[in-house]
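What follows is a short report on a single structure.
Derivation of every value follows stated rules applied to the coordinates shown; laboratory data play no part. Keep in mind it's a predicted model, so treat the numbers as computed, not measured. Reconstructed Cβ throughout: ideal geometry from the backbone, glycine too, with neighbour counts over all protein chains shown.
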Ligand SMILES: Nc1ncnc2c1ncn2[C@@H]1O[C@H](COP(=O)(O)OP(=O)(O)OP(=O)(O)O)[C@@H](O)[C@H]1O
Ligand SMILES: [Mg+2]
């Protein structure tokens, strides 16, 4: 499955074991330390300040956006800013509504409940959550079968912070119960440079500004990837040089890991290369393209294509995948005269009789 191909990529936005181990140390602790996401930060700051003034729990908060942009980090910041304890769980960890009831009924007043991957909550748990969010109440079912009874239980005021990479999958009744939704966006290179400088300081890595810029450019708008690339470049700088990260060293280190100047890795480049060299830029069907690079169609579609599309290197059309002019330029190739695949021959051209 595509998860295997995705898992060992240096540029995946998903967390790997090492990320989990170091991320706790790299997480900003308060809103001032949190870099970028100006809009979400300002909105959230108002929500939290207002709640503090009222001496009440803030409204429930939903954080949505792609992996590695800082949702978990922000949830912890919310707790820190409110001076409240935080309980952390996730949609997949809650197997039964009873698991959720147990968590909810043990919350203390003002506690933050962080529910990661909230789109993966089961239906019964989700329905229990509706009542808990709105009325601060759950029905605990005692006993089984016809003798079972529902015992209503009052909950202390708490704040649910839900995180999801797939806001579109949340049922509207659940979405509507959040007082505030923060939409996280990809980071600008300058913001990632600041993330890298901050992490370098925490990891005691010496880095010059251009070295940070070089890593930032290849980090796909994602702080988690920026931090991971920084660690790999640090290794290289320490083993092969004196430890200082310069742009030349960042470039050489990332060449070893096959991360190119735009953040494309081996798989991304293989897909583009096949599309350009074998199919003249397309259009070509997904399954044909996948066979050409020796991968599953899902891997190409879900692992490689999203970033290529986001970068404007590849387009999905009803007739198949096509490369853009930027793709030809990026691989340093010259498009054939009629490349692009979007030009539909005119009827007249199709039926022009050969010259006598
Ligand atoms: N705004 C930021 N400033 C500095 N570092 C950040 C910022 N956002 C994220 N990071 C760093 O990126 C790492 C990943 O962030 P986080 O775990 O919060 O992402 P996430 O959105 O929860 O990802 P996932 O969807 O995989 O759960 C964190 O360790 C943190 O150090
Ligand atoms: Mg997270």
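For the listed peptides 224-230, 44-50, 9-15, a ranking on the average number of other beta carbons within 10 Å per residue, highest first, reads 224-230, 9-15, 44-50.
Put the Cα centre of region 287-317 next to the Cα centre of region 15-45 and the gap is 30 Å. On the beta carbon distance between residue 14 and residue 151, with R0 = 30 Å, the FRET formula returns roughly 0.15.
Among 123, 177, the ranking by other beta carbons within 10 Å of each residue's beta carbon, starting with the fewest, stands as 123, 177. Between residue 287 and residue 241, the modelled label-to-label distance comes to 4.8 nm, taking each label 7 Å out from Cα in the direction of the beta carbon.
Kirkwood radius, region 1-114, all distinct C-alpha pairs, inverse of mean reciprocal distance: 16.1 Å.
In terms of surrounding Cβ atoms within a 10 Å radius of their Cβ, 71, 210, 144 rank from fewest to most as 144, 210, 71. Applying 1/(1 + (r/R0)^6) with r as the Cβ-Cβ distance of residue 252 and residue 231 and R0 = 22 angstrom yields a FRET efficiency of 0.90. Normalised by the number of residues in the chain, the mean separation of alpha-carbon contacts (under 8 Å, six or more apart) gives a relative contact order of 16 percent. Annotation for region 159-214 versus region 254-274: alpha-carbon center distance of 24 Å. Kirkwood Rh over alpha-carbon pairs of region 198-261, then Stokes-Einstein at 10 °C and 1.306 mPa s: what D in µm² s⁻¹, rounded to an integer? Translational D for this selection: 142 µm²/s. Where only DSSP H runs of four or more residues are counted, the chain gives -12500 deg cm²/dmol as its mean residue ellipticity at 222 nm, each run worth -39500 (n - 2.57).
Using only Cα positions of region 59-136, each an equal point scatterer, no hydration layer, compute I(q)/I(0) via Debye at q = 0.17 Å⁻¹ and quote the log10 values to two decimals. Values returned for q = 0.17 Å⁻¹ are -0.68.
Can you sort 35, 103 so the residue with the fewest Cβ neighbours within 10 Å comes first?
Ordered from fewest to most neighbouring Cβ atoms within 10 Å, 35, 103 come out as 103, 35.
For region 266-341, the relative contact order works out to 36 percent when only alpha carbon pairs closer than 8 Å and six or more residues apart are counted.
Between 201, 27, 53, where does the largest GNM mean-square fluctuation fall for the chain, given springs only between Cα atoms within less than 10 Å? Result for the chain, Cα springs under 10 Å: 53 fluctuates most.
Directionally averaged projected area (the chain, Cα convex hull): 24.8 nm². Within the listed set 248, 18, 193, the residue fluctuating most in the Gaussian network model of the chain (springs between alpha-carbon atoms under 10 angstrom) is 18.
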